[in-house]
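Visitor: Right, I'll just put the structure down here and ask away after.
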Amino acid sequence: MQGLGSQTTVDRGTKSDAELVRSLTEGDLDAFAALVERYRDACTRFAVRMTGSALDADDVMQSVWMRALRNIRSCRNPDRFGAWLYQIVINESRTFTKRRQQRDSRFIDDDFIVDSIPAAEQPDLASREETKNEIQRALDCLPVEQREAFVLKHVEELDYETMAELTGVGVSALKMRVSRACERLRVLLEGVNHA
Amino acid sequence: MRDIENSSRDDEFAERIAQPLRAPEVLAPDFEARLMAQARAEVARQRTVLARGSWWTRRRMVMASPLAGLALAAGIAALAAVSTLTVARGAPQAPSVAVLHDTVQLVRFVFADSSARSVSLVGDFNGWARERTPLHATARAGVWSVSVPLTTGRHEYAFIVNGERWVADPLSPGNRDEFGTESSVLLLASNDAS
């Protein structure tokens, strides 16, 4: 995750986050477009990992950016726009995923997941895309809190203190969630893991 | 010892499965076009709301935080407030804040602190920029004020005293942001509601 909490200035010599945020508060949509471009990749990846699909992540990210636009004046520390935005991404992804779970109310059987992951016949994990999809499917089976903690820790590679700041959850609780996520993923991905 | 072993085992496993997940993801090619269209519509809507404000047409007073013994009257649409000073423990005269609203969404912020050498207003309406909205010393010693045009809706604000001390209104509803900073909340009703 790049640019979290720092006064980011991109290589092209464009404006800092703080400058863009101030321009945006005055209605400058070019500043908005620049912020979208700057944070697009990191936020998109997190949203896809949390929702499990690019289609759903599209909805989440539209909502995230519009929420950021409407509330930009509440970004009290424009130098830390990245952290502020990331918190919106986390909240929106969490809300979306929980709503979807309630809506679908589908019971996902772990056995089905394990069986659906080809293990021995998987050709030495050569297909990176296929492997990613399999792991993503296992990730989708985790409770939202565990999935979020795992993605922040191991995919976005944040330290626990930053995770605590962004999620409002204590460090020890986050460590427990990550540990449980690993435990469960290990079971779900047994076939792939041994490949 | 077992915890350390488990943790190390978790990290190794997690690293292995996280690697493919770190691959970048892309959204639909038209994502940004759709987003910018929505953003333009939102900004246009906000400008419309701003332009619709019925300036200088009706009078109204909303007091978010009364200040005792302080009666203020000033200029256009100025109103007075009488309220009670809050005395904080250990402080001879704790800073107190009054917010007087005129009819036209011109909001007067009043701050009282006998020890203040300078006071500025920060809020979502000025990008939390401490240099943008300084309060001016009034004729009454230790009382500072500034009038700010505001749109209807919810606003968060605080005061910066002597260029460094952040003070939220102790008598107004408070709000704590994601980084633990406290500010005050002002709800400004629309003219249409009166």
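Each reported figure results from applying straightforward, stated rules to the coordinates on display, with no laboratory input. The shown structure was predicted, so the numbers you read here are calculated from the model rather than taken from an experiment. Quick reminder, even Gly has a Cβ in these numbers, built from the backbone with ideal geometry, and neighbours come from all protein chains shown.
Visitor: Please give the average number of partner chain Cβ atoms lying within 10 Å of the Cβ of each residue in A:128-139, rounded to a whole number. Could the numbers behind the result be given before it?
Guide: Values: counts 3, 2, 1, 4, 7, 1, 2, 6, 2, 0, 1, 3.
Average neighbour count from other chains, rounded to a whole number: 3.
Visitor: Name the shape class, rounded, prolate or oblate, that the alpha-carbon gyration tensor gives for the range A:132-195, where a ≥ b ≥ c are the square roots of its eigenvalues, rounded holds for a/c under 1.5, and otherwise prolate holds if a/b is larger than b/c and oblate otherwise.
Guide: On the way: a/c = 2.34, a/b = 2.10, b/c = 1.11.
Prolate is the answer for the range A:132-195, as a/c is 1.5 or above and a/b outweighs b/c.
Visitor: Between B:ALA189 and A:ARG100, what FRET efficiency comes out of the Förster formula 1/(1 + (r/R0)^6) with R0 = 51 Å and r the beta carbon distance, rounded to 0.05? Please list the in-between numbers first.
Guide: Working: r = 36 Å, r/R0 = 0.71.
FRET efficiency, A:ARG100 to B:ALA189: 0.90.
Visitor: Please give the net charge around B:GLY142, taking every other residue with its beta carbon less than 14 angstrom from that of B:GLY142, where Lys and Arg add +1 and Asp and Glu add -1.
Guide: Cβ neighbours under 14 Å give a net charge of +1.
Visitor: Within 10 Å of each Cβ in A:70-76, how many Cβ atoms from other chains are there, averaged over the peptide?
Guide: Values: counts 4, 1, 2, 8, 10, 4, 12.
Going residue by residue through A:70-76 and averaging, the value is 6.
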